[in-house]
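I have placed the structure first, in the form of structure tokens, so that the comments after it can refer back to it.
The values are calculated or read from the model by the stated rules, or taken from the named source; none is laboratory data. These numbers were taken from a predicted model, which means no experiment stands behind them. Neighbour counts run over all protein chains shown; Cβ positions are idealised from the backbone, glycine included. SASA here: full protein model, heavy atoms, side chains in, ligands and nucleic acids out. Shrake-Rupley method; radii C 1.70, N 1.55, O 1.52, S 1.80 Å.
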Amino acid sequence: MTPKWKKVLIGFSIALGVLIVLTIAGGFVAYRYFIAPLISTRLAMPEGLNRTGVLVGEGFLSKSVYIQDTRLGTISDIAFGEFDPSPGPEVAIVGTRGALFLDDNAKAKSSVMFSVRAGHVDILDVDGDGISEYLDRGGGWQDVSLIDHKGNAMWTYGGMPGVDDITAGNINRNGILEFVVGFNGAGGVRLLDRNAKEKWKQSDRNVWHVELVDVNADGSLEIIHSNAAGEMIVRDKEGKVIHKAKPGPYFSHFSLCRWPTKKAQQYALLAENDIIWLFDFFGKSVAQFDAPISGTLGHARGTPTKIQNDHPEYFAAVVEFSNWNRSILYVYGSDKKLVYQEIIPEACASITSLSLNSKGKETLLLGCHGKVWKYSVFDG
């Protein structure tokens with residue numbers, strides 16, 4: 001699918017979404033039960049996604065289930081740190097319905113189920129007290145929420161013309177998190193305080209995705225977002241545009257990723273035109289990875305991974321196609337050559353790489369629906 005047709009599809013979805021939202025007064029209901037099924041039925045699955053399994057690198061990685069718990073829904077975040085009141089760090093597995101905390105041996109320490117129906121959920125620590133909260137970033141045309149450690153909504157925010165995305169960070173450098181919201185239609189970009197009170201609003205159209213990044217390495221966070229024109233927009237803490245660029249591919253849903261190592265700077269990651277792109281925050285392409293079958297309609301996320309001690313870090317990326325319940329996992333060597341490709345018959349919305357033992361070698365973890373897959377170098 002060309003960028004032109006992608007814009008047509010997005011425009012069609014927006015128009016239909018607005019119509020349905022106005023009719024039934026429920027953005028999430030509209031998207032989940034009307035728009036998404038319509039897209040998936042009207043738009044046939046790309047031919048390459050019909051098959052599943054390993055296409056490149058058979059035998060390079062071993063795959064097993066790290067944890068399975070269908071109560072969690074689709075796993076949208078995996079992190080390691082102090083998140084739970086119990087002593088010691090945990091591996092946090094966060095899904096659309098709840099979260100599970102594991103020890104080093106993948107044994108459950110505690111769990112929580114959410115009282116709200118969530119979209120894509122990220123774990124965060126609002127108070128810096130080592131006890132996590134959860135940010136429900138929604139799923140397009142859906143209200144967003146801040147959820148406390150017990151799974152209850154601290155607040156919910158939304159309204160017309162519908163929220164596309166939300167992110168959190170200490171944008172004012174006062175030790176207190178603020179929240180940046182991107183709206184669909186002409187809703188623009190808005191800054192909320194920790195209680196969801198609106199502090200300012202700036203105009204833009206179809207803010208598909210929003211993040212907070214220290215662009216200039218000066219200790220201050222800037223707002224990065226995409227929009228209907230396929231632009232990368234950089235704003236300061238007051239919402240003033242300080243830079244805009246138009247990358248070669250249509251810039252819509254992106255994620256943040258460090259490359260080529262976990263200690264390197266962050267970039268914007270995007271899958272378009274069978275390529276996984278990394279852009280700096282001035283719109284310049286810094287790396288391109290051939291990604292066969294990834295097309296233009298997937299959401300990409302990536303991470304460096306030290307899956308071999310005697311080898312430079314690999315780069316792993318997953319492209320999720322939620323409309324067709326498919327994902328593609330790509331792993332690249334330090335020379336950017338593809339060493340592993342697998343089509344997975346699940347929507348996989350998170351990827352990370354963690355050292356799960358004292359040997360230093362990392363394990364690649366891929367979060368899908370109700371389970372986390374574990375990948376490591378095949379030992380024979």
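Of the numbered criteria (1) closer than 23 Å to ASP204 by Cβ; (2) open to solvent by 50 Å² or more (accessible area, probe 1.4 Å); (3) modelled with pLDDT under 95, the one ASN323 fails is (1). Restricting the stretch 139-160 to residues that are of a type in the set (Val, Ile, Thr) and open to solvent by less than 30 Å² (accessible area, probe 1.4 Å) leaves a set whose member that is nearest to ARG97 (Cα to Cα) is ILE147.
Residue count for the stretch 333-367 satisfying the condition of being among the hydroxyl-bearing types (Ser, Thr, Tyr) and assigned to a strand (DSSP E or B): 5.
Filter the stretch 139-189 down to residues that are among the aromatic types (Phe, Trp, Tyr), within 20 Å of the chain's Cα centre (by Cα) and in a strand (DSSP E or B), then give me how many there are.
Total meeting the criteria: 3.
In summary, ILE78 fulfils each of the numbered conditions (1) among the aliphatic types (A, V, I, L, M); (2) more than 16 Å from SER355 (Cα to Cα); (3) touching a Gly at 6+ places or on another chain (Cβ under 7 Å) with the single exception of condition (2). If PHE101 passes every condition in (1) among the aromatic types (Phe, Trp, Tyr); (2) within 25 Å of LEU365 (Cβ to Cβ); (3) under 17 Å from the mean Cα position of the chain (by Cα) but one, which one does it miss? In the conditions (1) among the aromatic types (Phe, Trp, Tyr); (2) within 25 Å of LEU365 (Cβ to Cβ); (3) under 17 Å from the mean Cα position of the chain (by Cα), PHE101 misses (3) alone. Figure legend. Inter-residue proximity from the stretch 336-360: first residues without any contact (Cβ under 8 Å) to a residue 40 or more places away in the chain and farther than 19 Å from ILE275 by Cα, second residues of a type in the set (S, T, N, Q) and not in a strand (DSSP E or B), beta-carbon distance below 7 Å, spacing 6+ or different chains. Indicated pairs: GLU346/ASN325. Please verify whether ASP274 is on the phi > 0 side of the Ramachandran plot, modelled with pLDDT of 95 or more, surrounded by fewer than 21 Cβ atoms within 10 Å (Cβ to Cβ) and among the acidic types (Asp, Glu), treating the condition exactly as stated. For ASP274, the condition - on the phi > 0 side of the Ramachandran plot, modelled with pLDDT of 95 or more, surrounded by fewer than 21 Cβ atoms within 10 Å (Cβ to Cβ) and among the acidic types (Asp, Glu) - is met. Does SER132 satisfy being open to solvent by less than 30 Å² (accessible area, probe 1.4 Å) and under 27 Å from GLU198 (Cα atoms)? Yes; evaluated as a whole, the condition is true for this residue.
Of the numbered criteria (1) surrounded by 22 or more Cβ atoms within 10 Å (Cβ to Cβ); (2) part of a loop (DSSP other than H, G, I, E, B); (3) under 15 Å from the mean Cα position of the chain (by Cα), the one HIS253 fails is (1). Taking (1) touching a Phe, Trp or Tyr at 6+ places or on another chain (Cβ under 9 Å); (2) in a loop (DSSP other than H, G, I, E, B); (3) open to solvent by less than 40 Å² (accessible area, probe 1.4 Å) in turn, VAL126 satisfies each apart from (1).
Considering every residue within the stretch 257-264, establish whether at least one is of a type in the set (D, E, K, R) and open to solvent by less than 30 Å² (accessible area, probe 1.4 Å). No; the residues of the stretch 257-264 include none that is of a type in the set (D, E, K, R) and open to solvent by less than 30 Å² (accessible area, probe 1.4 Å). Scanning the stretch 193-229 for residues that are within 18 Å of the chain's Cα centre (by Cα) and of a type outside the set (Val, Ile, Thr) turns up ASN206, TRP208, HIS209, GLU211, LEU212, HIS225, SER226, ASN227. Considering LEU177, LEU269, the condition of being buried (at least 17 other Cβ atoms within 10 Å of the Cβ) and at pLDDT below 95 is satisfied by LEU177 alone. Please work out if HIS209 is open to solvent by less than 20 Å² (accessible area, probe 1.4 Å), under 19 Å from PRO249 (Cβ atoms) and either among the polar types (S, T, N, Q) or in contact with a Phe, Trp or Tyr (Cβ under 9 Å, 6 or more places away or on another chain) (or both). For HIS209, the condition - open to solvent by less than 20 Å² (accessible area, probe 1.4 Å), under 19 Å from PRO249 (Cβ atoms) and either among the polar types (S, T, N, Q) or in contact with a Phe, Trp or Tyr (Cβ under 9 Å, 6 or more places away or on another chain) (or both) - is not met. Look at LEU146 and say whether it is over 17 Å from LYS371 (Cα atoms) and at pLDDT below 95. Taking the combined requirement at face value, the residue does not satisfy it. Of all the residues in the stretch 73-98, those that are touching a residue at least 40 places away in the same chain (Cβ under 8 Å), under 25 Å from ASP165 (Cβ atoms) and either assigned to a loop (DSSP other than H, G, I, E, B) or touching a His at 6+ places or on another chain (Cβ under 9 Å) (or both) number 7.
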